[in-house]
Amino acid sequence: MNRFFILIIAILLVVVPNKTGAMFEGYDLVSESSEDNIALYAKKIGDIYQDFKLDFKGTIYSKPFWLNVDNPTYAPKIFYKDINGDENKELIIILTHGTGSGLLEEEVHVFHAHNNQFYDVLVDNPIAVVLKNVITKLSLEKAEISIGDKKYTIDIKFLEIQPGNLFEDVAFGSIIDYQLKDNQLNAKISGQISPASFVGDIIIVYEYRNKMYQTKSIRFQTPYDYKMSTSIFHNMAQI
């Protein structure tokens, strides 16, 4: 009898999926929100996780083109919150494609899960938003950033950047950082003026409008002293 119970326990240990990736052969558990019953599995190839499987409350969705670095510090972020005020929770997943000195490249995916439907909702590309709404000018003395009728002038002489290292203009794209603040999706896009120097960040706040997440507001913030021609906040609804 004892041998029978030992055999049954051994079989259960083999066949019951566990949270180390045994649910999918060759896959690792890379991130989860256990209280929401949401988990992400992926295959590790080199230093990249790819070919994701999303377990959303017991239903599996394949995401073969998703990528994330294998550094656990930058594991995919999972949020399950109401970010559009419709009293239903949305699934937000933030992936990290690249990291390094002065580099953070993230990608966001937002899913609506209503009325037994689960679907991906488009989010405006933050770089496209910056290119459409931000005008910049750069010299050895100052960086100028304009958003609509708002103009910010940052004195950069104290940075002592060598002329050969100064970019032709303020560049955006090396740091794309998605965040959730006050149940709203934000994107922070840093403005870079040399390989090692940044002047501040463009902050985009998204809202759900016309069946996609579009820019609600855009503003500029910097750790340095600067002169500002008008108020710092620019509401996209007024454009």
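Can you pull the one-decimal nm distance between simple spin-label points at Lys181 and Met212, each 7 Å off the Cα toward Cβ?
It is 2.5 nm.
Which lysines have a Cα lying under 26 Å from the Cα of Lys44, excluding residues fewer than 8 positions away in the same chain?
Lys19, Lys53, Lys57, Lys63, Lys77
Sequence-distant or interchain residues sharing an amide H contact under 5 Å with Trp66, placed H: which?
The list, which skips near neighbours in sequence, is Asp51, Phe52.
Can you list the HN-Hα couplings for segment 42-47, worked out from phi with the Karplus curve (6.51, -1.76, 1.60; θ = phi - 60°), rounded to whole Hz and with x for Gly and Pro?
Per-residue couplings from phi come out as 7, 8, 9, 10, x, 9 Hz.
What's the magnitude of the charge dipole for segment 27-70 around its Cα centre, counting Lys and Arg as +1 and Asp and Glu as -1 at the beta-carbon? Answer in Debye, nearest 20.
Values: 5 positive and 8 negative charges, 43 e Å.
Approximately 200 debye in magnitude.
One-quarter of the Cα convex hull surface for segment 52-184, in nm²?
Details: hull surface 45.0 nm².
The directionally averaged projection comes out at 11.2 nm².
Once you list every other residue whose beta carbon is under 15 Å from the beta carbon of Glu107, what net charge do they have if Lys and Arg are +1 and Asp and Glu are -1?
Computed value for this residue: -2.
Determine, from the Cβ-Cβ distance of Ile135 and Glu25 and an R0 of 45 Å, the FRET efficiency 1/(1 + (r/R0)^6), rounded to the nearest 0.05.
Efficiency, from the Cβ-Cβ distance: 0.30.
So which of Lys132/Lys211; Lys142/Lys188; Lys157/Lys216; Lys181/Lys216 end up more than 24 Å apart by C-alpha? Provide the component values of the computation, followed by the final result.
Numbers: Lys132/Lys211 20 Å; Lys142/Lys188 22 Å; Lys157/Lys216 34 Å; Lys181/Lys216 14 Å.
Where the Cα-Cα span goes over 24 Å, the pairs concerned are Lys157/Lys216.
Amide H neighbours of Ser217 under 5 Å, at least 5 residues apart or on other chains, H built in the peptide plane: list them.
Excluding prolines and chain starts, which carry no amide H, the hits are Val205, Met236.
Every number here is computed from the coordinates shown, using simple stated rules; none is lab data. Values in this document were obtained by computation on a predicted structure and should not be read as measured data. No Cβ is skipped: glycine too gets one built from the backbone with ideal geometry, and neighbour counts run over all protein chains shown.
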